[in-house]
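A quick write-up on the structure given underneath.
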Amino acid sequence: MKRTLIMSGVIILVLLVSMIVTSLVINTESIDMTTEMSQATLPVLYTVVNDERVNLTHGYTMDMNGSYLRGSITPLNENREIGIVVDTFGTLVSSAGYEVRSMDMERLVEDQVLEDYTYIGTEMSATIHIKDLISPDTEYMLIVKLSLPQGVTARYYVRFIDRQELNLEEELAFAKDFSERTFDREAAQEIKKYMESNSEGDNTSFEYVNIHSNFNQLTWGDLAPELIGEKEVDILDVDTENACIELNYRVGTLRKTYDIREYFRIKKGSDRIYLMEYERTMDQIIDNETEDLLINDKLIHGIISRDIEYRENEAGNLFCFIQGNRLYSYNAANNNLARIFSFWDEDNDDVRTRFNEHGIKIMSMDEQGSMQFMVYGYMNRGDHEGEEGIAIYYYDSVINATEEQIFIPYDRSYVLLEHNVKALSHINYNGIFYLYLDGTVYEISIDNKEYKVIADELDEMRFVSNADNSVIAWQPEKDVYYYNRLKIMSLDGDLPVEIGAGSAEIMIPLGFMDKDLIFGKIKTADIKTDETGSIVLPMYSVCIINSGGKLLKEYSQPGYYIEDVEFISNIINLKRLTRDETGAYIPAPDDQIISNVESRTFKNNFSYVVTEEMETTYQTELYKHMSDDPIKVTNPREVLFEGDRRLIIENDDLIQRFYVYAKGDIDSIYTEGSDAVKRASEIFGNVVDDKCAYIWEAGNRKSSARLEDITEARSVDEKLNSIKICVDEMLKHGGVYKDADELMDDGTVLNILSTNLTGSTALDLTGCDLDSVLYYVSSGSPVMVFVENSDSVLIVGYDSKNTVIYDPVKGTIEKKGMNDSKEWFEANRNRFITYTAARE
């Protein structure tokens, strides 16, 4: 018995010791498993223009493709200098240097050590003198390199230009003065004359104000905001007449704080400044001040200019949402609002954490409120501070912590990355991540950090996805000239299904209604060119299929064609055409297809309310509010992990793309130059190619131009027709002396120009108007125009009243009235071909 008791005691003692040790290990691991996101450490850089700090620039800790980093622009002063100010925030800078490169990043102009700089407090100032190795009116990239602790090199990409005779000092002063006067109604009387108040302005909300808004909206109504801190000034674009300027700042009203963005497009006339465009957005920030956050079972979002993305669980007691680039989760049971992800908070509040070149997307959410989400763009702080890319995180609601699952670096701009992830970013039920990136669809294993290509060499006209990105459709490679096949794929486990067109037909993916694909069918014999030169693709049929390829509905009516479709709620609006007696296509009344897909409803209802002081504000009417405790805002911690969870994706985009920029952002991407130029002319934008070379610029056209080296006209003869003579003149103007007669035997005009004019981009601008193509004459390139009888002429000059036409049929170079020229070219369907000036 005694021995048994001793044995039992030993066993109990061992068990107690084991429990204590296990508890200590577990508690130790619990303590060490999570941490707070690390604070921002990188310095920021400003350039100095007219003794003023502008163009706040953030540093990258990875090599970036500068061709895609347009950002703001800094003009050199008259001494070819750029002043810089680096706010280090106390971070040690052991050395500094800089490079000057061409915008395609291929030519290194300078590589220098920066030695002459001074410190005042935590700010480092220097003046960089650019050597006489650059061309005037040509953009370059300055890359400032700072050596920081732990072997980190931060790179700051600054687009600059040597362009004199600017009016920037006056234009900057105008923008700042205009903005300041909006805070004082009496002072604002002076700027009323610049506004164009009319019915186009929305005067029901402060979230968006523009040049058409009324005086009350412009001057903030009864909000009485006060400026918090300083206004950040960015010069988005500038030429001798126009400047696009952006101001970013914060204002406060009572207990509320707002992010403000103001955009100005200013034109300097001979005697005054003209305000061509003005926009202001206002977005409330959710901070730790919770007194007015929850009122009568309503979560108050306030004044916001951007749509709120949100999810909820089936019970409706948990829902998450994104506001102001911050991800929140509300739990009705404990009245807790968790700020799940944000680079900014009250303890991390400066220009680095406020930087908004990143986005967040909720990928999934379960019943307990745990979720997967994506952060994409520039990483303001944390483990990837200074990197650009895509991070997938998992938020565990039980331990209130987030964990990184994968990080995919990206070496191009945030605005381009945003365009990509909006086209496709989806995680299916098996944890497979599908991503569209620069013309390629990838299937990515988050667990294994591996990927494969689903489809590549796509363009934006041949790829579509549905609203939640769970179903995609694309067109594989061309069959000779046309796309006559289409693939559809549900990303939740299904294989692609291929659909083929009939004989002598092509297909066009149009979009989705829920998970059903809408596409059009076109007979190749029906494809025509309209009077402006634009290609008309008349669909004789519109089909709806499910993700398995089953035909659900087909719309077709004899004698009618569909030019385009619009998706309006559950209605597909068909823009139709018919033919007149000559066979030309003319507009016909619209028709509609009604979808039986029901819109999703949420238990937590997002709505708006209008008050006299705040005007339109937004709120979520809570489905459940089970706690009477005061609402509190918490910040989850991060889960620590070992190793590197990054995945490098090698992407060679082989398709030439044209990027339309407006207001500092990418508006659209095209594979046809004419489409890009037409779009840019509509929105006062600029078009650049993959090398950041200008294809077209809004407003940067001289009042008159003449190509002086084309002075004598040749006449057609038995050997050379008008087209060959025009091609020969275009080649010679570009410095190429080859026999156009022989070249024309083996290729088209566009191919000949593309092959022989090194450093230039040949463009088919069919369908563009005369005003747009005169930009190329202003830039020094002749424009070829196809006219009647299969002949062509060249535009070699213009002024305010005339064009200068080289006509090989007549053997003359003579002026033609501007209106007469427009009518002539339009009658011949605006068929233009030209090329850009050769880049360095």
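The values are calculated or read from the model by the stated rules, or taken from the named source; none is laboratory data. Because the structure is predicted, anything quoted here is derived from the model rather than measured. Backbone-built Cβ (ideal geometry, glycine too); neighbour counts: all protein chains shown. For the accessible areas, the whole protein counts, side chains as well, though only heavy atoms, and no ligand, DNA or RNA atoms are used. Shrake-Rupley method; radii C 1.70, N 1.55, O 1.52, S 1.80 Å.
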Output the DSSP H helices from the chain with an along-axis C-alpha extent of no less than 20 Å and a mean Kyte-Doolittle hydropathy no less than 0.0. 2-33
Considering only protein heavy atoms, what is the solvent-accessible area of His419 at a probe of 1.4 Å, reported in Å² to the nearest 10? 50
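How high is the relative contact order of the chain? Use alpha-carbon pairs under 8 Å, at least six apart in sequence, and give a whole percent. List each step's numbers first, then the result.
Values: 1875 pairs, mean separation 76.3, N = 840.
Reported as a whole number, the value is 9 percent.
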Any chance you could run the full-extension gain for Ser38 through Gln368? It's 0.36 nm times the residue separation minus the Cα-Cα distance, nm to one decimal. 116.1 nm
Pop out the ³J(HN,Hα) list for the range 289-304 in order, Karplus 6.51 cos²θ - 1.76 cosθ + 1.60 with θ = phi - 60°, rounded to Hz; leave Gly and Pro as x. 7, 9, 4, 9, 7, 10, 10, 6, 6, 10, 8, 8, 8, x, 8, 9
In terms of solvent-accessible area of protein heavy atoms at a 1.4 angstrom probe, what is the ranking of Val633, Val113, Val542, highest value first? Val113, Val633, Val542
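Please give the FRET efficiency for Thr748 paired with Ile527, using the beta carbon to beta carbon distance and R0 = 22 Å, rounded to the nearest 0.05. Walk me through the intermediate numbers first.
Numbers: r = 18 Å, r/R0 = 0.82.
After rounding, the FRET efficiency stands at 0.75.
If you roll a 1.4 Å probe over the range 751-793 with all protein chains in place, what percent of the accessible area is carbon or sulfur? Walk me through the intermediate numbers first.
Numbers: 490 of 1290 Å².
That fraction is 38 percent.
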Value of [θ]222 nm, deg cm²/dmol, for the chain, DSSP H segments ≥ 4, -39500 (n - 2.57) each, nearest 500: -4500 deg cm²/dmol
Surface accessible to a 1.4 Å probe, per residue, for the residues of the range 408-505, Å²: 43
Lys691 accessible area, 1.4 Å probe, all protein chains in place, Å² to nearest 10: 80
Dipole magnitude (debye, nearest 20) for the range 335-392, charges at Cβ of Lys, Arg, Asp, Glu: 180
Taking 7 Å along the Cα-to-C-beta vector as the label spot, tell me the Asp396-Asp771 distance in nanometres, rounded to one decimal. 6.1
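Taking N as the number of residues in the range 70-163, what value does Rg over Cα atoms divided by 2.2 N^0.38 Å take?
On the way: Rg = 13.4 Å, N = 94, 2.2 N^0.38 = 12.4 Å.
So the Cα radius of gyration is 1.09 times the expected 2.2 N^0.38 Å.
Hey, can you find the accessible area per residue of the range 189-244 for me, probe 1.4 Å, expressed in square angstrom?
Details: 2620 Å² over 56 residues.
Dividing the accessible area of the range 189-244 by its residue count gives 47 Å².
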To the nearest Å², the heavy-atom accessible area per residue of the range 114-173 with 1.4 Å probe amounts to 50
With +1 assigned to the C-beta of every Lys and Arg and -1 to the C-beta of every Asp and Glu, and no other charges, what is the dipole magnitude of the chain about the Cα centre in debye, to the nearest 20? 1200
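For an R0 of 41 angstrom, estimate the FRET efficiency from the Cβ-Cβ distance between Arg829 and Glu196 and round to the nearest 0.05. Don't jump to the answer; show the numbers that get you there.
Working: r = 35 Å, r/R0 = 0.85.
E(calc), rounded to 0.05, equals 0.75.
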For the chain, with +1 on Lys and Arg beta carbons and -1 on Asp and Glu, the positive-most of Leu45, Ile128, Ile649 along the dipole: Ile649
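State the percentage of accessible surface on the range 380-529 attributable to carbon and sulfur atoms; use a 1.4 Å probe and exclude ligands, DNA and RNA.
On the way: 2620 of 5860 Å².
Ligands and nucleic acids excluded, carbon and sulfur reach 45 percent.
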In nm, the gap between the two label points placed 7 Å beyond Cα toward Cβ at Ile571 and Ser704 is 5.3
Above 27 angstrom, tally the Cα pairs of the range 363-495 and express them as a % of all pairs, no decimals. 24
Hey, for a label at Ser599 modelled as a point 7 Å past Cα toward Cβ, could you say which residues of the range 535-575 have their backbone N under 18 Å away? 566-573
Charge dipole (the range 269-385, unit charges on Cβ, about Cα centre) - positive-most of Tyr274, Asn380, Asn335: Tyr274
Can you give the direction-averaged projected area of the convex hull of the alpha-carbon atoms in the chain, in nm²? 46.2
Cross-link pairs beyond the 24 Å C-alpha cut-off, checked among Lys268/Lys663; Lys732/Lys810; Lys268/Lys801; Lys521/Lys550; Lys487/Lys515: none
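Would you please classify the overall shape of the range 763-840 from the alpha carbon gyration tensor, given that a ≥ b ≥ c denote the square roots of the eigenvalues, rounded means a/c under 1.5, and beyond that prolate means a/b larger than b/c while oblate covers the rest?
Working: a/c = 1.39, a/b = 1.27, b/c = 1.09.
Verdict is rounded for the range 763-840.
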What is the percent carbon and sulfur in the accessible area of the range 577-624, measuring with a 1.4 Å probe over the protein chains and ignoring ligands? 48
Which of Ile399, Ala154, Asn296, positive extreme of dipole for the chain (C-beta unit charges): Ile399
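Quote to one decimal, in nm, the extra length available between Thr611 and Asp717 on full extension: 0.36 nm per residue of separation minus the C-alpha distance between them. It would help to have the intermediate numbers written out before the result.
Details: separation 106, 0.36 × 106 = 38.16 nm, distance 7.74 nm.
Extra length from Thr611 to Asp717 when fully extended: 30.4 nm.
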Can you figure out the FRET efficiency of Lys691 with Asn336, using R₀ = 41 Å and their beta-carbon distance, to the nearest 0.05? 0.25
Using 0.36 nm per residue, how much length does the chain from Glu169 to Arg646 gain when fully extended, once their Cα-Cα distance is taken away? 167.2 nm
Over the heavy atoms of Arg637, what accessible area does a 1.4 Å probe trace out, to the nearest 10 Å²? 90
